[in-house]
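Taking it in order: structure first as structure tokens, then the write-up.
The values are calculated or read from the model by the stated rules, or taken from the named source; none is laboratory data. Given the structure is predicted, the values throughout are model-derived calculations rather than measurements. Reconstructed Cβ throughout: ideal geometry from the backbone, glycine too, with neighbour counts over all protein chains shown.
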Amino acid sequence: MKKLKLIYNPFSGDKSFKYNLDACIKMFQEGGYDVHIFRSINTGDIEKHISEMDKDYDVVVASGGDGTVNIVLNAMMKNGIKSALGIIPSGTANDFATYLNLTSNNVEECCKIIAETEPRDTDVGLANDTYFINVCGGGIFMNVSQTIDTNLKNALGTIAYYLKGMEQLANFSPIPFRVTNSKETIEENLYFFLVLNSAGAGSFGRLAPDASISDGVFDFIGVKAKPVHELALLFVKILRGEHINDSGIVYFKDSYMKIECLKDDIKDSETDVDGETGPGFPVTIKTIPKAIKVFGKF
Ligand SMILES: [Mg+2]
């Protein structure tokens, strides 16, 4: 019999997932799975559980937001677990699930996709020693007060968080970065950068318009220093997915990139991976092609 592990946090998002638990288990059972459950209650318990669990699960399902998905992904990758990954979005920010066309108000549909469809090969990123599945970012927001930062980011999701305040970017000093990919080295003053596996999220779903989660490369988008009126125009172009060739954007695709922060007082600042705190600079990002299989509405 096929085995499925369901990992959920009863406190994530609007805390409503627990009311759908029986319906989920029923659908997985009808899909031919022997269902095992882990209820997460403490920081670090998911990592511990995954490191100690049997390695032969066909599917691991994470119910939670981007952060929970990232924790499960890291624990699976670090413990050599090759199970397919199912996602039931139930956090406040669900960027990657949104990209997979999974909606948080339709738990039954997410379960049905996991129970009845085939998962798709998906690239995974490795930023120094932290894995990510959707996005790694950094920039001027690294300086903003940590509390406001985290709450707002949790509410908006990483991608919207970086882009929402674009009109205000001109109030900040851009940060000098050195970005080295497999072909060239670019030194540029940037407000922020995002390294994307998916095409984006929500209103910014065309941030990397032709990105693919299985092409073995990530899309780098950096926003350069610009006067305020030009930033407003650039923002509109980003919403339309017409910004890639704009002079205000640094854009390339590669499977390798090293990003160094050249400003002394913040060069140890941390990046952001899938909405969680990521490694500090310099950060070396590699694509691990088709490292995991993921269920989605493709
Ligand atoms: Mg790609």
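When His229 is tested against the conditions (1) over 17 Å from Leu100 (Cβ atoms); (2) within 13 Å of the ligand (Cβ to nearest atom), the lone failure is (2). For the range 200-233, how many residues meet the condition of being hydrophobic (A, V, I, L, M, F, W, C) and more than 22 Å from Gly157 (Cα to Cα)? The total comes to 4.
Please report, ordered by residue number, the strands (runs of 3 or more DSSP E) entirely within the range 161-271 with at least 2 residues that are touching a residue at least 40 places away in the same chain (Cβ under 8 Å) and of a type in the set (Asp, Glu).
Correct list: 185-196.
Pairing each residue of the range 131-144 that is modelled with pLDDT of 80 or more with any residue that is of a type in the set (D, E, K, R) and assigned to a helix (DSSP H, G or I), provided the two are 6+ apart or on different chains, yields C-beta distances under 6 Å for Asn134/Asp95. For Leu196, are the conditions met, namely being in contact with a strand residue (DSSP E or B) (Cβ under 8 Å, 6 or more places away or on another chain), modelled with pLDDT under 95, within 16 Å of the ligand (Cβ to nearest atom) and assigned by TED's automatic domain parsing to the domain that holds Pro174? In short, no. Out of the residues in the range 205-225 meeting the condition of being surrounded by 21 or more Cβ atoms within 10 Å (Cβ to Cβ) and away from the ligand (no atom under 15 Å from the Cβ), tell me which one is farthest from Tyr191 (Cα to Cα). Per the criteria, the residue is Gly222. What about Gly125, is it assigned to a strand (DSSP E or B) and either at pLDDT below 95 or buried (at least 23 other Cβ atoms within 10 Å of the Cβ) (or both)? Taking the combined requirement at face value, the residue satisfies it. Taking strands (runs of 3 or more DSSP E) as the structural unit, those lying wholly within the range 24-96 and holding at least 3 residues that are surrounded by fewer than 22 Cβ atoms within 10 Å (Cβ to Cβ) correspond to 33-39. Could you please let me know if Lys286 is within 16 Å of the ligand (Cβ to nearest atom), in contact (Cβ under 8 Å) with a residue 60 or more places away in the chain and not in a loop (DSSP other than H, G, I, E, B)? Spelling it out, Lys286 is indeed within 16 Å of the ligand (Cβ to nearest atom), in contact (Cβ under 8 Å) with a residue 60 or more places away in the chain and not in a loop (DSSP other than H, G, I, E, B). As for the range 173-185, it holds no residue that is over 20 Å from Leu152 (Cβ atoms), of a type in the set (Phe, Trp, Tyr) and within 16 Å of the ligand (Cβ to nearest atom).
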